[in-house]
Amino acid sequence: MNSMPHHEHFDRVRQDHQRELVEDYVEEIAHLHQHLGEARASDLAERFGVSPAAVSKVVTKLKRDGLVNARPYRGIFLTEEGEELAHKVAARHLVVLDVLRTMGVSEPVARADSEGIEHHCSDATVEAMRRFLDQHGSDRGETKRDL
């Protein structure tokens with residue numbers, strides 16, 4: 001049987017949901033810098049389908065957490081810690097996506113599902129997925145944003 005009390009599973013899921021927003025923003029800021037040369041609050045609002053005020057609230061939290069630097073009317077820049085997190089999230093996403101593809105999940109479903117699953121996998125689970133891919137092959141080689 002499972003050694004973790006049932007309520008601890010729910011605690012972890014709640015923590016994962018809180019981290020998910022942070023990870024999505026950091027990953028999107030990295031993507032915007034890579035493809036547009038800058039990340040602006042208006043770009044993030046458009047990408048996420050939220051108001052600029054909602055973006056401002058999240059960016060304030062990211063600044064407080066040491067993941068971004070931002071000034072009014074300027075772009076948003078990842079700190080070194082933010083860049084490390086963005087890289088980790090993108091790599092984790094690609095592993096999850098590759099596992100779903102290798103299992104035979106259709107491309108559109110694999111893309112959609114991997115967006116959520118990536119935030120709920122522990123490092124141990126991601127490592128197990130990597131081992132699975134090493135044994136069963138994968139579609140590695142493309143980056144998340146090339147999809």
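The values are calculated or read from the model by the stated rules, or taken from the named source; none is laboratory data. Every value quoted in this text rests on a predicted model; they were computed, and no experiment measured them. Just so you know, the surface numbers come from the protein's heavy atoms only, side chains and all, with ligands and any DNA or RNA stripped out. Shrake-Rupley method; radii C 1.70, N 1.55, O 1.52, S 1.80 Å.
Each residue was assigned an accessible area with a 1.4 Å probe, and for VAL96 the value is about 0 Å².
3J(HN,Hα) couplings calculated from phi for segment 54-62 with the Karplus curve 6.51 cos²θ - 1.76 cosθ + 1.60 (θ = phi - 60°) are, in sequence order, 5, 5, 4, 5, 5, 4, 4, 5, 5 Hz; Gly and Pro show x.
Could you please put MET103, MET129 in sequence from largest to smallest accessible area, using a 1.4 Å probe?
Descending order: MET103, MET129.
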